[in-house]
Amino acid sequence: MKIEKSQFEWTANRIHSLRLRLGWSKSDLARRLECSLETVNAWELSQMKPNPDQLPMLEFIEKQAEYISLEVHVCPIAETQLEKSSRSQIPLDEIM
């Protein structure tokens, strides 16, 4: 299977979508990436791309968003099992 380079590019849409998934403002993202609000705005308007030294942190933030998404997805399962079992906690390995 050939992997297209564009799947890994930080496009304006990918940056914007990541920020919205996390519920962050442009200022929030700028603070975490140690760049200016204007820089984040330029990325989301396709006026410029992130610098190579910012890519590892963007990748890290994206992985964290995916992890959080998984936790949110698993949460209803945990609540259902808690209700059925009358326990106060369920180990994560019982849910996954």
- Item | Label of the coordinate-derived value, Cα extents along the principal axes in Å, listed as [x] 43, 28, 21; [y] 54, 38, 20; [z] 80, 26, 24 | [y]
- Item | the range 24-38 - phi-based ³J(HN,Hα) in whole Hz, Karplus 6.51/-1.76/1.60, Gly and Pro as x | 9, 7, 4, 5, 4, 5, 4, 4, 5, 9, 6, 9, 8, 4, 4
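Using a Förster radius of 22 Å, what is the FRET efficiency between Ile68 and Ala42 based on their Cβ-Cβ separation? Nearest 0.05, please.
Values: r = 27 Å, r/R0 = 1.21.
Calculated value: 0.25.
Taken together, the values in this text are just the output of simple stated rules run on the coordinates, not laboratory data. Keep in mind the model is a prediction, meaning the values are calculated, not measured. When we count neighbours, we look across all protein chains shown, and the Cβ atoms used for this are built from the backbone with ideal geometry, even at glycine.
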